[in-house]
Amino acid sequence: MYRILVVEDDRVIAGEIRKHLEKWGYEVKLTEDFGDVLKPFVDFKPHLVLMDIVLPFYNGHYWCGQIRQISQVPIIFISSAGDNMNIVMAVNMGGDDFLVKPFGLDVLAAKVQAMLRRSYAFHAQTNLMERRGLILDLTDASLKVGERKLELTKNEFKILQLLFERAGNTVSREEIMKRLWDQDCFVDDNTLTVNMGRLRRKLEEAGVEQLIQTRKGLGYLVE
């Protein structure tokens, strides 16, 4: 769940923003102490900040600069001060986007979604495994072969994931069976052979030859 810190001193506006963004599944925190915005920022560890410009004590430009000294979290300015000078200053201080009040809450939600998607797209990369130019996507259990995307069954995916994790090492049939099925459930050894055969045929039909090698009496290997 993405966390969003709202730095807005108008309690009505702040409350409406929180209520609307929570409908989208975000965790939203409103700033209470405008004399020290850094403390809730550090404590809450937001993925995105919505920042007003006109605030008590110090303005949004100041707090944006303070945040930028310790974090590159995306900051969207939300302000009625939408003249060119304020927009330029917001960007120069490290702001990532600017939304002029009054704005529609659906527009705000769209801006937030787009910013989070752009800022945290790299997380998807941690859900990819690559071997021999083949890319296993852990998010949707698919295998990318060149420009082609193979849909894998649950067991096919688990087999490839384990072999990719242990690439260069032989994985025993027993270890694969434990990954695929509950250890307390009896499974005929031939069931793994059938699953492995289907996976190999699917790979061969996609032009992938000898990805999974058999080590007789030991198990299977992906180089």
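Filtering the stretch 46-56 to residues that are at pLDDT 90 or above and exposed (fewer than 14 other Cβ atoms within 10 Å of the Cβ) leaves only PRO56.
Of a type outside the set (S, T, N, Q) and surrounded by fewer than 18 Cβ atoms within 10 Å (Cβ to Cβ): does that describe LEU116?
Against the criterion (of a type outside the set (S, T, N, Q) and surrounded by fewer than 18 Cβ atoms within 10 Å (Cβ to Cβ)), LEU116 qualifies.
Applying the condition of being under 16 Å from ARG68 (Cα atoms) and not in a loop (DSSP other than H, G, I, E, B) to the stretch 89-105 and asking which residue is modelled with the highest pLDDT yields ASP97.
Going residue by residue through the stretch 149-157, is there one that turns out to be over 30 Å from LEU50 (Cα atoms), modelled with pLDDT under 85 and surrounded by fewer than 13 Cβ atoms within 10 Å (Cβ to Cβ)?
No - not one qualifying residue is present in the stretch 149-157.
May I ask you to list the residues in the stretch 132-159 that are at positive phi and aliphatic (A, V, I, L, M)? Break it down into steps so the answer makes sense when it comes.
Filtering the stretch 132-159 down to residues at positive phi leaves 132-133, 141, 146.
Passing the criteria: only ALA141.
One residue is enough: does the stretch 63-79 have a residue meeting the conditions without any contact (Cβ under 8 Å) to a residue 40 or more places away in the chain and in contact with a Cys (Cβ under 8 Å, 6 or more places away or on another chain)? Checked the stretch 63-79: at least one residue is without any contact (Cβ under 8 Å) to a residue 40 or more places away in the chain and in contact with a Cys (Cβ under 8 Å, 6 or more places away or on another chain). Whenever a residue of the stretch 191-205 is farther than 23 Å from LYS144 by Cα and outside the structural domain of LEU160 (by TED's automatic domain parsing), it has no partner that is of a type in the set (Asp, Glu) and in a helix (DSSP H, G or I) lying with C-beta atoms less than 8 angstrom away and at least six residues away or across chains.
The values are calculated or read from the model by the stated rules, or taken from the named source; none is laboratory data. What you see is a predicted model, and the numbers here were worked out from it, not measured in a lab. FYI the Cβ positions are ideal-geometry reconstructions off the backbone, even for glycines, and counts take in every protein chain you see.
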